[in-house]
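Some notes on the structure that comes next.
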Amino acid sequence: MNNPEILLPLFTVVLFLLFLSRWLKKRKDRRKTTFSFDYSYMPYKRRNLLTRTEYQFYTILIQKCRQYGVFVCPKVRLEDLVYVTDQNNRAKYRGFVKSRHVDFVLTNENLYPLAAIELDDPSHDTFHAMQIDEFKNRLFETIGLPLFRITTGDDYDYEEALEELFEELFC
């Protein structure tokens with residue numbers, strides 16, 4: 001196999017493949033780190049983190065939490081509370097949690113979740129919202145984290161609802 005007529009073309013092909021694989025890897029790496037955006041147009045405006053109803057509830061909630069040494073985290077993404085165990089279908093199941101949140105999560109001083117709270121206003125009465133609510137109910141049941149649903153409204157007594165919630169959690 002000392003035939004130079006075969007070795008030279010073979011060597012050339014190997015070098016070409018090596019060059020091509022490195023070029024493709026660099027190109028792939030560049031795609032991961034490149035973020036292209038037209039900064040001359042920024043269609044964004046700051047807004048409040050909580051709605052008026054959520055904020056009213058929050059002010060009562062933090063007072064109650066202080067009595068129990070509990071912390072409140074508002075607007076927590078479901079993806080920050082759970083991880084997907086099915087690695088073969090990770091993208092599929094991650095898709096159900098990545099853009100969803102709960103209104104409040106109660107934690108201990110180590111930020112370990114103790115319970116979650118969802119405020120249910122009339123927007124939860126649509127078919128789509130009911131499907132998402134059912135998914136959240138089953139998700140929280142699966143992970144063993146209590147999910148409390150509190151109906152909102154002008155005449156609703158948040159203090160009484162929170163009293164029941166904390167009694168169920170800590171008594």
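What follows is calculated from the coordinates using simple rules that are stated; it is not laboratory data. Remember, predicted model here, so these are calculated numbers, not experimental data. Neighbour counts are summed over all protein chains in view; Cβ atoms, including those assigned to glycine, are modelled from backbone coordinates with ideal geometry.
Amide H to amide H distances under 5 Å link residue 114 with 106, 107, 108, where only residues 5 or more positions off or on other chains count and H is placed in the peptide plane. Among beta bridges identified by DSSP and lying wholly in the chain, the antiparallel ones come to about 65 percent. On the basis of the beta-carbon distance and an R0 of 45 Å, residue 114 and residue 27 show a calculated FRET efficiency of 0.45.
Each of (i) 232; (ii) 111; (iii) 120 is a candidate for volume of the Cα convex hull per residue in Å³; the one calculated from this structure is (i).
Computed 3J(HN,Hα) for segment 49-54, one whole-Hz value per residue from the Karplus formula 6.51 cos²θ - 1.76 cosθ + 1.60 where θ = phi - 60°, is 5, 10, 6, 4, 5, 4, glycine and proline marked x.
Electrostatic tally near residue 102: other residues with Cβ closer than 12 Å to its Cβ, Lys and Arg +1, Asp and Glu -1, net -2.
Can you compute the FRET efficiency between residue 44 and residue 5 using 1/(1 + (r/R0)^6), with r the Cβ-Cβ distance and R0 = 45 Å? Round to the nearest 0.05.
Values: r = 65 Å, r/R0 = 1.44.
My answer for the efficiency is 0.10.
Coupling constants for segment 146-163 follow from the phi torsions by the Karplus curve (6.51 cos²θ - 1.76 cosθ + 1.60, θ = phi - 60°), and in residue order they are x, 10, 9, 9, 10, 6, 9, x, 4, 9, 7, 8, 5, 4, 5, 4, 5, 4 Hz; glycine and proline get x. Amide H contacts of residue 101: 78, each under 5 Å away and 5 or more positions distant or on a separate chain (H built 1.01 Å from N in the peptide plane; Pro and chain starts excluded). Take the chain, connect every pair of alpha-carbon atoms lying under 10 Å apart with a spring to form a Gaussian network, then pick out the residue of 19, 148, 127 with the largest mean-square fluctuation. Highest fluctuation among the options: 19. For segment 122-127, backbone phi angles converted through the Karplus equation (6.51, -1.76, 1.60; θ = phi - 60°) give residue-by-residue couplings of x, 5, 7, 8, 6, 4 Hz, Gly and Pro being listed as x.
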